[in-house]
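A short write-up of the structure that comes next.
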Amino acid sequence: MSLKHRHSCCVRTCALLLFLLAPYAASAQTPSPWTGVIRDDAEQTAGAFAGFSGTGQRAMSADGRFLVFESDRTLVAGDTNGTFDVFVRDRQTGALARVSVATDDTEGDGLSQAPAISANGRHVVFQSVASNLDLTDTNGVDDVYVRDLNTGVTSLVTIGPSGERLNCTCSRPVARLSGDGRFVLFSADFSVAGGSLLWLRDRDADQNGVFDEPGNVTTAAVDVAAIEGDLIARCNNAVAWPHRIF
Ligand SMILES: [Ca+2]
Ligand SMILES: [Ca+2]
Ligand SMILES: [Ca+2]
């Protein structure tokens with residue numbers, strides 16, 4: 001093969017490679033319209049925000065679309081409480097909303113944190129020391145709340161089987177939702193009569209599909225001893241059968 005022919009082949013090969021790689025090069029140079037979780041590109045360009053966003057507890061819907069987190073940054077208009085709030089980011093639209101507000105959208109007058117979100121992305125549970133998220137909250141300590149992102153209703157969760165208040169006694173209480181948001185599992189004061197470390201609140205006890213209807217929400221103690229006993233049995237089983245993984 002002559003030198004001239006080789007050069008011609010090389011030119012054609014290089015041209016073909018450039019043609020094939022062009023779309024990738026173009027896409028690499030085009031910034032994503034939204035890449036951030038806590039801040040989008042426009043927010044980033046607007047400048048730094050005071051404060052910081054905590055990563056102690058954050059959660060995501062099952063499909064990865066909705067992400068909840070806590071932050072004391074001023075991430076949304078009207079946030080003037082100067083403390084941590086809970087936020088939800090819609091990763092599909094980029095929308096950012098504050099979750100830790102009352103049903104009438106009044107911002108909390110105290111710290112809110114430790115969010116979790118239902119698998120379907122509709123309900124967010126969080127802990128708050130704010131006293132104005134529920135009209136009946138006069139205990140002066142942390143409570144657990146759940147907010148329906150579709151209806152905008154924020155409901156108090158830490159209520160016992162007989163309507164008594166269940167005070168949270170730990171700084172990071174367990175608060176988790178079932179996939180559809182109907183059930184809230186939470187930890188609270190275990191010193192109440194017949195108390196328990198864990199409680200299960202059923203937000204739709206009459207099973208009509210409407211959550212948090214007055215008179216149709218129940219709380220039941222979770223038998224922690226039974227769980228612990230089961231755990232011990234599993235551990236013993238694991239010792240007896242070390243090849244098994246629990
Ligand atoms: Ca705030
Ligand atoms: Ca309270
Ligand atoms: Ca109902």
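Nothing in this text is a laboratory measurement; each read-out follows from the coordinates by a stated rule. This structure is a prediction, so every number in the text was calculated from the model and none was measured. For neighbour counting, all protein chains shown are included, and Cβ atoms are generated from backbone atoms with ideal geometry for every residue, glycine included.
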The stretch 64-118: radius of gyration and largest Cα-Cα distance (Dmax), Å: 10.8, 30
Around Gln207: net Lys/Arg minus Asp/Glu count, Cβ-Cβ under 14 Å: -4
Gain on full stretching of the segment that runs from Ser131 to Val210 - 0.36 nm per residue minus C-alpha separation: 25.8 nm
Ordering of 202-215, 72-85 by packing [mean C-beta count within 10 Å, highest first]: 72-85, 202-215
Relative exposure of Leu200, Leu111, judged by other C-beta atoms within 10 Å (fewest first): Leu200, Leu111
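What is the sum of charges, Lys and Arg at +1 and Asp and Glu at -1, for the other residues whose Cβ falls under 12 Å from the Cβ of Phe183? It would help to have the intermediate numbers written out before the result.
Numbers: positive: Arg176, Arg182, Arg201, Arg203; negative: Asp180, Asp202, Asp204.
With Lys, Arg at +1 and Asp, Glu at -1, the neighbours total +1.
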